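What follows is a single structure, written as C-alpha cells, with notes after it.
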Amino acid sequence: MRRALAAVLLLAACSPGERVPPGATVELDYELTSAGTMIESNAGRDLLIVVQGEGNLPGPVDEALVGMKKGEEKVVELTPMQGFGPSDPDKIKAIPLEKFGAMAKDLAPGALVGGAQGGKAAQGRVLKIEDGKATLDFNHPLAGKPLRYKIKVVAIRPR
C-alpha cells in the first residue's frame, strides 16, 4: 500500500502537464537575434503558438522545447547551417534594368523586389545598381548568419 501511494505521489509530482511533452501545443514568448541585433520578437504582441515536432521552429529550437517547464526560459544558439543555411553566391544575380520596366526608376539598394526565379516565386534584395544592372540577392535574409533564439514557455497544452 505504501509503495502504491509513493508511486501515485511521484507520478503526480512529475505530471506531463508540468513539462512540454513531444507533440504538445506550446505558447511562447521569443526573441530572435543575430550578432546582437534584434531581428524579431513578440514582446507586447500575441504569444507564438507552435506544436512541438511539427517543424514550426528550426530543429534545435523545436527540440529544446521538450522537457521545458511553464515559465522556463532557454537560449538556443544556431550556426548558419542549423538556421537558414550558408549564403549561396549563385543566388546573387545581376539583372538588366530594362527587365524591371517602369519599376526600374524606384529601385534602390535595400529595396525588396518580388518576381520569379526558376519558375518559383522569389524575393530579392537590391544590393547595388550600376552599369545598367541591378544586383539582387535571392538568399534568405538570415542565410549565413548565426542565430540566437530566446524562448520562454508561457503555456503548455499536451496533445
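Observations
- Selection of the range 100-139 for residues being over 21 Å from ILE39 (Cα atoms), among the aliphatic types (A, V, I, L, M) and outside any strand (DSSP E or B) yields ALA102, MET103, ALA104, LEU107, ALA108.
- ILE151 satisfies every condition listed in (1) under 27 Å from THR33 (Cα atoms); (2) at pLDDT below 95 except (2).
- Lone qualifier among ALA108, ALA134, ALA121 - being surrounded by 15 or more Cβ atoms within 10 Å (Cβ to Cβ) and out of contact with any Asp or Glu (no Cβ under 7 Å at 6 or more places or on another chain): ALA134
The values are calculated or read from the model by the stated rules, or taken from the named source; none is laboratory data. What you see is a predicted model, and the numbers here were worked out from it, not measured in a lab. We place every Cβ from the backbone using ideal geometry, glycine too, and count neighbours over all the protein chains shown.
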